[in-house]
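To start, the structure itself, in structure tokens.
The values are calculated or read from the model by the stated rules, or taken from the named source; none is laboratory data. Treat the numbers as computed from the prediction; the structure is a model and nothing was measured. Quick reminder, even Gly has a Cβ in these numbers, built from the backbone with ideal geometry, and neighbours come from all protein chains shown. Just the protein is used for accessible areas: all its heavy atoms, side chains included, with ligands, DNA and RNA removed. Shrake-Rupley method; radii C 1.70, N 1.55, O 1.52, S 1.80 Å.
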Amino acid sequence: PPPAVAQQTVTLKMQAAWPAGWTLYDNFTMFAERVNKLSGGRLKIETLPAGAIVPPFELLDAVHKKVLDGAHSWAAYWVGKNKTAVLFTGGPGGTFGMDYIDAMGWLYEGGGLDLYNEFYRDVLKVNVVAIPILPAGPQAFGWFKRPIKNLADLKGMKCRQTGMAAEVFTAMGMRTVNMPGGEILPAAERGVIDCAEWVGGVEDLKAGFYNVWKYHYTPGMHENVTIGELIINGDVWKSLAPDLQEIIKTASTETFFRWWMRWQRQNADALVELQEKHKVQILKTPDDILYAFLKAWDKIAADEAAKNPFFKKVWESQKQYASKVVPAKRFMFPNYDFAANFYWPPKK
Amino acid sequence: MVQPPAAILKTIRIIDSISEWSGRVFCWMVIPLMLGLSYEVIARYVFDAPTIWAYEVAFMLYGGHFMLGAAYTLLKKGHIRTDFFYEHWSPRRKGWVDAMSYLFLFFPGLFFFLLASWDNASHSFIIGETSDASPWRPILWPFKFVMPVTAVLLIAQGVSEFLKSAWAAKTGRSL
Amino acid sequence: MTGGEILGLILLACLIAGIFVGFPIAFTLLILALVFGYIGFGGIVFDLMVFQTLGMMKEETLAAVPLFIFMGHVLEQAGLMERLFKSFQFILAPVRGSLFLGVLLTATIFATATGIIGASITVMGLMAAPVMIKAGYDTKLSAGVIAAGGTLGILIPPSVMLVVMGPVLGVSVIHLFAAAIVPGVLLSGLYIGYAMVRSFMNPALGPPLPLEQRATSYWQILKEFVAGIVPLGGIIFAALGSIIFGLATPTEAAAMGALAATVLTACYGRLSGEVVRRASIQTLQTSSMVLFLAVASNVYGSVFTRLGTGTWLANTMLALPVPPLALMAVLMGVIFLLGWPLEWPAIILIFLPIFLPVVQALKFDLVWFGTLVAVNLQTAFLSPPVAMAAYYLKAVAPTWELRDIYRGMFDFMALQMVGLLLLFFFPEIALWLPGVLFGK
Ligand code: NA
Ligand code: NA
């Protein structure tokens, strides 16, 4: 006779750091659907939007305390706890020129994921397991009231920035202002701020920045690679059957790529809509601004490494990995512009 | 007129004066809140240089202000209640209802709030948590300790209120 | 229904029962959330309480609450309302019901400089009530006019109620401010129209003023008017102007308004350490009451959500076989009924989050919905038994019977209903101005 296996359904309650209307949230629901199917219904993920149970900035502590079984979030939200957190998102500048595949490579092939979990366990002392799930970029430089030609144009502007990017931009001489998310557009409408960073592409289209400002600059270096996380309470993770653990890991990686493909297409469509329907000027961020950004970030990172041993350890691990893959890629991969310009020469 | 035992009367007086003073001290937090945020606006337009600290100073003062003022508000009977039925009751009945409410509705909740918020604040202290709202990054744990301090102040004032209502329940006279 | 959802429904029932025990609502909410949360999902409910508290403490938008309250208390000391009222009294003296008109005009203008109702009713009660009594005005109508006029302070921006509502609905406070202006003025017009028609039909209700209460010269009228309105204009500019002209966020504007009120009071020579101390301590008590209740409501709400009852309730409502507009009318009816026993913070903070998913699913404009709720809740100030407007008035006009005050407010409640219906059927009343200002 077949063994009497109890086909118990496990339901995990998880909350996102974003509202249900955002495209980032689709990544979360896609993951939940995949887990449900792959497990034959044995594992269900209940997805909840930002704030449903705890405020977004309390998510890590909430998962640690098992108030939630898990969360769909972004490690850089925890830079207040320790700046090392930003490095696990890929970090400003990639970091060290890495693109998404390189950054994922560092996590999975270069020991990054072990450092990531070591960071949560030993440095932040939280009982959670982290898995990369969300490629939320490359993000745009932002929305501006007037055109900018160079770094000097940036200096007189007051911009809404948060997190690590705010720190770097402040070091570059930008006047950064913080305000709650819901007040950004009204503040923009009335000229309290001259520019703001959001996400880019379809997310910015949804937020409606085009109603206020007509200059959209891309790319940025602050989140050109930025990886969101799935975090699960450590006890909950241990209580899952080994195959369910594997299903979660696999579904995360699959969602990472499947959702990303769709998102890049959505972003491409959004750029057309912004330009044609809403008459937005989509412009290239001046190079000197991007250079200045990397310089300012390198200085901040070096200062942090000097006083934060774990930051140093992770930063050097990334640098070591990048020193192999980034220069190699320069030889192995054709320059993206090469074929792009051949088939779709930029309009004059 | 019958008076409660001296020890009880003294306890009530000491607690009430602590809460009274907590109110007199913490009520001033609204002044730097007003000045800080006004300065931010002026700095942004007149000096064309927004401050790095205004956002955090604002939420920390605001969050501390209303939390730390909760015990004073309890002393002054300022927390809204529905006196639909309550206002028609005799002092003795009010005393009974209040005394029971403090025992079963008030103390247990705040006791657990004290434990859990202490745990949260001390974790923040151990990892040296700073605020993530701006590049200023001030330490965050004193702000988190506002929670257990509020719990202690509220529990203390609750003891005083419990004694007052128990006396009213016993004698039909309010203190 | 799952066990959790049923537990949540029992939680809601216990809340409604618990509220009537008469113990402070904040603590009743907390303990109910903890007990039911503990049964539903164990000890993590205690941590959940901490996270919700922290979230509220970090809600920078709400820093406008203590600041607008402080502004109101300081302004009360400056004596501006007295001057404004006096000048209206002088100008309008020969008209029937002139004092009604004076009170309502003063209250409407003053409403653009204060975010609460207490200050307005207290000052008008102290100043206008004795004059009205002396002039032989009808008690009920006088009380109604002062109480209703005073409640405009919390509808016409700046408004503490709208500041608290913004984050709950996820709508910008500025958009809510813009949406509330026209309905506020409309209500003021309804009050004025009603009071004037009543005094025209029955001159005994509000006779013209006796000669000794009229101004001796036009110069005197002008002086009072300028002294009353110009400085008030400064405050209005600091608070509202800084928002509209793009100088500040709502929180910063509240700070600017409070500072302007303080400076102005100093210019009038009425600022002292004692005045600031008293305003500060009153501010502490009021904002602690509102915001601590907000903390407790958030804890309660998140337990409710985690039990799954919120979603269940929303889905059940959406499945009702009625058209969306009828469902909206039902929601407004429920909010109106809740306004009889409850105060606005409790309704906005506890019940609005429960209704919100329904309103979102029906794709109603949230700014319009928020304005409807605001007008609806303004009515709650006038609806006994928990009618703050009556209490404030009774405290400063002790010779008026509470029964007469209630009776007088009743007519204005009816006017509120008219205003609410107009807003319900003509959403442009709320949405026109935000459309003009923010181009939506
Ligand atoms: Na107002
Ligand atoms: Na009422």
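Roughly speaking, to the nearest percent, how much of the protein assembly as shown's 1.4 Å accessible area is carbon and sulfur? Answer for the protein assembly as shown is 66 percent, counting heavy atoms of protein chains only. Neighbouring Cβ atoms from other chains, within 10 Å of the Cβ of residues in B:134-147, number 4 on average.
Excluding ligands, DNA and RNA, what is the accessible area buried between chains B and C, summed over both sides, using a 1.4 Å probe, to the nearest 100 Å²?
Numbers: alone 11120 and 17900 Å², together 23630 Å².
Answer for the B-C pair: about 5400 Å² buried.
One way to sum up the overall shape of the stretch C:3-438 is the equivalent ellipsoid from its Cα gyration tensor, whose semi-axes run 39, 24, 20 Å, largest first. The angle separating the long axis of helix A:100-109 from the principal Cα axis of greatest extent in chain A is about 30 degrees.
Between A:ALA328 and A:TYR215, residue separation times 0.36 nm minus the direct Cα-Cα distance comes to 37.1 nm.
The stretch B:6-171 has equivalent-ellipsoid semi-axes of 38, 19, 13 Å, by the square roots of 5 times the alpha carbon gyration tensor eigenvalues, sorted largest first. With protein chains left intact and a 1.4 Å probe, residues in the protein assembly as shown average 38 Å² of accessible area per residue.
For the interface of chains A and B, what total accessible area is buried with a 1.4 Å probe, rounded to the nearest 100 Å²?
Working: alone 16840 and 11120 Å², together 26100 Å².
Interface area, both chains combined: 1900 Å², rounded to the nearest 100.
Mean shadow of the stretch B:106-147, computed from the convex hull of its alpha carbons, in nm²? Working shown, then result.
Details: hull surface 12.4 nm².
With the hull built on Cα positions only, its mean projection is 3.1 nm².
At a Cβ-Cβ separation cutoff of 4.7 angstrom, cysteine residues of the protein assembly as shown with no neighbouring cysteine are B:CYS27, C:CYS14, C:CYS267. From the residues C:PHE292, A:VAL326, A:TYR116, which one has its Cα farthest along the dipole of the protein assembly as shown in the positive direction, the dipole being from +1 and -1 charges on Cβ of Lys/Arg and Asp/Glu about the Cα centre? Projecting each Cα onto the dipole axis, the largest value belongs to C:PHE292.
Against the main long axis of the alpha-carbon atoms of chain B, helix B:6-26 sits at an angle near 20°.
Report, as an integer, the average count of C-beta atoms from other chains found within 10 Å of each Cβ along A:46-59.
On the way: counts 1, 0, 3, 0, 1, 9, 6, 8, 10, 11, 1, 7, 10, 1.
Neighbouring Cβ atoms belonging to other protein chains average 5 per residue here.
Apply the membrane-span-like helix rule to chain C: whole DSSP H runs, Cα extent along the own long axis of at least 27 Å, mean Kyte-Doolittle hydropathy at least -0.5. List the helices found. Please list the in-between numbers first.
Numbers: long enough: C:173-201 (41 Å, 1.63); C:273-307 (50 Å, 0.63); C:402-425 (34 Å, 1.19).
Going by DSSP H runs, the hits are C:173-201, C:273-307, C:402-425.
Summarising the label geometry, the points placed 7 Å from Cα in the beta-carbon direction at C:SER272 and C:LEU126 lie 1.3 nm from one another. Rounded to whole numbers, the Karplus 3J(HN,Hα) couplings from phi for the stretch A:338-343 are 4, 6, 4, 6, 5, 8 Hz, using 6.51 cos²θ - 1.76 cosθ + 1.60 with θ = phi - 60°, and x at Gly and Pro.
Quickly estimate the mean residue ellipticity at 222 nm for chain C, helices only: each DSSP H run with n ≥ 4 gives -39500 (n - 2.57), and the total goes over all residues, rounded to 500.
Numbers: 20 runs with 326 residues, N = 440.
Rounded to the nearest 500, the figure is -24500 deg cm²/dmol.
Going by accessible surface with a 1.4 Å probe and the largest first, C:HIS175, B:HIS88, A:HIS72 read B:HIS88, C:HIS175, A:HIS72. All distinct Cα pairs of chain A go into the 1/r average, and the inverse of that average, the Kirkwood radius, is 21.3 Å. Spin-label pair B:VAL2-B:LEU103: with each label point 7 Å from Cα along the Cα-Cβ axis, the two points sit 1.8 nm from one another.
Relative to the longest principal axis of the Cα atoms of chain A, the long axis of helix A:309-332 makes an angle of roughly 70 degrees.
Of the trypsin sites (Lys or Arg not before Pro) in the stretch C:331-406, the ones in a loop by DSSP (not H, G, I, E or B) with at most 14 other beta carbons within 10 Å are C:LYS363. Across C:ALA266, C:ALA374, C:ALA319, mean-square fluctuation computed from a Gaussian network of chain C (C-alpha pairs under 10 Å connected) peaks at C:ALA319. Considering only C:ILE347, C:ILE69, C:ILE116, the mean-square fluctuation computed in a Gaussian network model of chain C, springs between alpha carbons under 10 angstrom, is largest for C:ILE347.
Each chain gives up part of its surface: A and C jointly bury about 2000 Å² of accessible area, both sides summed, for a 1.4 Å probe.
Kindly give the semi-axes, whole Å and largest first, of the ellipsoid equivalent to the protein assembly as shown, taking each as the square root of 5 times a Cα gyration tensor eigenvalue.
Numbers: eigenvalues 512, 232, 139 Å².
The answer is 51, 34, 26 Å, longest axis first.
A DSSP coil position with no more than 15 other Cβ atoms inside 10 Å describes the following GluC sites (Glu not before Pro) in the stretch B:72-175: B:GLU87. For the stretch B:87-107, a drop of 40 Å² or more in accessible area on going from the chain alone to the assembled protein chains (1.4 Å probe) is found at B:LEU105.
Estimated from helical segments only, the mean residue ellipticity of chain A at 222 nm is -14500 deg cm²/dmol, where each DSSP H run of four or more residues counts as -39500 (n - 2.57).
Note on B:PHE47 and B:LEU9: the model spin-label points, each 7 Å out from Cα along the C-beta direction, lie 5.6 nm apart. Report the one residue of C:ALA128, C:LEU222, C:LEU320 whose Cα lies farthest in the direction of the positive end of the charge dipole of chain C (charges on C-beta: Lys and Arg +1, Asp and Glu -1; origin at the Cα centre). Farthest towards the positive end: C:LEU222. Averaging the sequence gap over all C-alpha pairs within less than 8 Å and six or more residues apart, then dividing by the number of residues, gives chain C a relative contact order of 26 percent.
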